[in-house]
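Visitor: Take this structure first; my questions come after.
The values are calculated or read from the model by the stated rules, or taken from the named source; none is laboratory data. Every value quoted in this text rests on a predicted model; they were computed, and no experiment measured them. Positions of Cβ are backbone-derived with ideal geometry, glycine not excepted, and every protein chain shown enters the neighbour counts. Protein only, heavy atoms only, side chains kept; ligands, DNA and RNA dropped before computing areas. Shrake-Rupley method; radii C 1.70, N 1.55, O 1.52, S 1.80 Å.
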Amino acid sequence: MQLTVIGYWGGFPNAGEATSGYLFESNGFRLLIDCGSAVLSKLQETISIDQLDAVVLSHYHHDHVADIGPLQYGCYVTALIHNKKKTLPIYGHDLDQAAFQKLTYKDATIGVVYKEKEALSIGPFSITFLKTTHPAPCFAMKITDMKSTVIYTADTSYQENFIPFSTNADLLIAECSLYAHQDGTSAGHMNSREVGHIAQEAQVKQLLLTHLPHYGDHADLIAQANEQYKGKINLASTGFVWNSED
Ligand code: ZN
């Protein structure tokens, strides 16, 4: 399995970069998880639009779905230009019906519901979900291709059940919106100390900090997480690549 970070900013993108977007590849299949602002542009630095096989969305906040509309136009226009019919499935929860309905556009994209308690099979991937603590309904994901396993926390404040959910994962992609001294409980976000605690208790092989804040020194996030977790920690960045062999 290979992961490429397309975007990693929380809230809004810095100039020339994107908010949440993560490309997973296995066996030639290409799955995009979350599609925030500027993700469609940055995605095309790695693959073309018609190479995308499926999209899964954690929740319907702008920094995770802003580029769904442009992606739908992209699929529609690309199909016309190349005279190739392909309907891109976009998986989302239906706890917000109005948002879910928007995932279907002409025959370019089709919205498909996922359920918290049901494993989802997409190409070589199997995905299971965990409801997070966030102002909008949101789901963390365990993504496996049967050879390796990656956890994506999506947006959440600290929950104890992330520890069993993440145990022994090859990679934990954790939202780290806040520095250690900040409490994200009411905002629905985690700080660096909480993320490090989950990584340590779950004994994950690597930790990737993402959904990063627009202030402070990101190197402090690593140092603070490292006080809890002794394994390898990276900061997400545009084009960052992780392979299951790493
Ligand atoms: Zn959110």
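Visitor: A108: farther than 26 Å from N243 by Cβ, away from the ligand (no atom under 16 Å from the Cβ) and buried (at least 19 other Cβ atoms within 10 Å of the Cβ), yes or no?
Guide: So A108 passes the test.
Visitor: Let me ask something else about it. Pairs needed: first member in the stretch 191-216, in contact (Cβ under 8 Å) with a residue 24 or more places away in the chain; second member anywhere, open to solvent by 70 Å² or more (accessible area, probe 1.4 Å) and hydrophobic (A, V, I, L, M, F, W, C); C-beta distance under 8 Å; at least 6 residues apart or different chains.
Guide: Cβ pairs passing all conditions: H214/F12.
Visitor: Residues that are assigned to a loop (DSSP other than H, G, I, E, B), within 16 Å of the ligand (Cβ to nearest atom), on the phi > 0 side of the Ramachandran plot and of a type in the set (A, V, I, L, M): does the stretch 153-163 have at least one?
Guide: There is at least one residue in the stretch 153-163 that is assigned to a loop (DSSP other than H, G, I, E, B), within 16 Å of the ligand (Cβ to nearest atom), on the phi > 0 side of the Ramachandran plot and of a type in the set (A, V, I, L, M).
Visitor: Scan the stretch 12-35 and give yes if some residue there is over 16 Å from the mean Cα position of the chain (by Cα), polar (S, T, N, Q) and open to solvent by 30 Å² or more (accessible area, probe 1.4 Å), otherwise no.
Guide: Within the stretch 12-35 (the criterion being over 16 Å from the mean Cα position of the chain (by Cα), polar (S, T, N, Q) and open to solvent by 30 Å² or more (accessible area, probe 1.4 Å)), the answer is yes, since at least one residue qualifies.
To keep it simple, each residue is scored yes or no on (1) among the basic types (K, R); (2) within 17 Å of the chain's Cα centre (by Cα); (3) more than 16 Å from the ligand (Cβ to nearest atom); (4) open to solvent by 70 Å² or more (accessible area, probe 1.4 Å).
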| position | (1), (2), (3), (4) |
| --- | --- |
| S37 | no, yes, no, no |
| L40 | no, yes, yes, no |
| L52 | no, yes, yes, no |
| V65 | no, yes, no, no |
| Q72 | no, no, yes, no |
| C75 | no, no, yes, no |
| K86 | yes, no, yes, yes |
| F125 | no, yes, yes, no |
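Visitor: Being touching a residue at least 60 places away in the same chain (Cβ under 8 Å) and on the phi < 0 side of the Ramachandran plot is the requirement here; does F129 meet it?
Guide: Details: touching a residue at least 60 places away in the same chain (Cβ under 8 Å): no; on the phi < 0 side of the Ramachandran plot: yes.
It is false that F129 is touching a residue at least 60 places away in the same chain (Cβ under 8 Å) and on the phi < 0 side of the Ramachandran plot.
Visitor: Right, another one. Which condition does C138 not pass, out of (1) in contact with an Asp or Glu (Cβ under 6 Å, 6 or more places away or on another chain); (2) away from the ligand (no atom under 16 Å from the Cβ), if it passes all the others?
Guide: (2) is the only condition that C138 fails.
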